[in-house]
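What follows is a short report on a single structure.
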Amino acid sequence: MTSTRLEFGRPSDAERDRALAILRDGAGSGRLSHDTFVRRMNFVLRAQSRRELADVTNDLPRDEPRVVQLFRQLVARLPRLTTRAPAVQLPGLVLPPPGSPTVRIGRGPGATLRLADLSVSRFHAELRHVDDGWLVRDLGSMNGTHLNGLRLTTPTQVRPGDHLRFGSVTYILTVPH
């Protein structure tokens with residue numbers, strides 16, 4: 001009798017919320033079209049029994065335990081960790097001598113180093129000599145400035161040998177010979 005009560009009892013608000021979360025995940029992952037999501041959502045809100053809730057979500061995957069999610073993420077990364085991209089020779093960007101004016105990088109007419117790539121903003125970044133080294137600062141570019149693979153959010157010191165990327169254009173920093 002208890003299974004009949006569980007199956008046919010009126011669903012609680014928490015049970016409705018769980019069913020709606022499953023539907024949202026299904027719509028977010030592309031398993032449900034927008035129209036199907038709306039239709040099923042209305043059905044969940046009007047459901048009179050737990051069985052009706054189960055029928056609405058039975059074709060959608062349920063939440064996996066956190067351990068299973070982490071394992072899937074790890075397995076998804078493995079091919080990227082084990083395959084090596086062919087070595088690409090990066091063009092060098094020579095750091096000007098100390099005391100040189102600020103180098104502005106971008107596509108715009110005021111840039112000292114003009115890059116014609118569309119991934120580079122008009123006013124992308126700047127290299128400024130400060131005290132005993134050079135700092136790079138992103139100027140609010142759309143595709144970001146990256147130093148050694150990390151996106152910059154604050155002015156950061158750069159050194160010869162660093163990989164500096166503006167949008168999708170990458171350089172290796174060098175010093176004058």
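The values are calculated or read from the model by the stated rules, or taken from the named source; none is laboratory data. Remember, it's a predicted structure, so these values are computed and weren't measured experimentally. Glycine gets a Cβ as well: all are built from the backbone with ideal geometry, and neighbour counts include every protein chain shown. Surface areas here come from the heavy atoms of the whole protein model, side chains and all, with no ligands, DNA or RNA. Shrake-Rupley method; radii C 1.70, N 1.55, O 1.52, S 1.80 Å.
Some points to look at:
- Largest mean-square fluctuation among LEU74, LEU135, LEU45, in a Gaussian network model of the chain whose springs join Cα atoms under 10 Å apart, belongs to LEU45.
- Normalising by residue count, the range 136-177 has a Cα convex hull of 68 Å³ per residue.
- For the chain, a Gaussian network of Cα nodes joined below 10 Å ranks SER121, SER100, SER29 by mean-square fluctuation, and the top entry is SER29.
- Remark: the chain carries 69 Å² of accessible area per residue (probe radius 1.4 Å; ligands, DNA and RNA excluded).
- Portion, in percent, of the accessible area of the chain that falls on carbon or sulfur, probe 1.4 Å: 55 percent
- Solution diffusion estimate, µm²/s, Stokes-Einstein, the chain, Kirkwood Rh from C-alpha pairs, 20 °C, viscosity 1.002 mPa s: 101 µm²/s
- In this simple spin-label approximation, ARG77 and THR174 carry label points 7 Å from Cα along the Cα→Cβ vector, and these lie 3.4 nm apart.
- Inter-part distance where the range 120-159 and the range 87-109 are each reduced to a Cα centre, Å: 11 Å
- Counting every alpha-carbon pair across the range 23-65, the share separated by more than 14 Å comes to 47%.
- The local environment of ARG114, defined by Cβ-Cβ distances under 12 Å, has a net charge of +2 under the rule Lys, Arg +1 and Asp, Glu -1.
- With 5 Å bins from 0: P(r) over the range 106-160, alpha-carbon pairs, percent: 5, 21, 27, 25, 17, 4, 1
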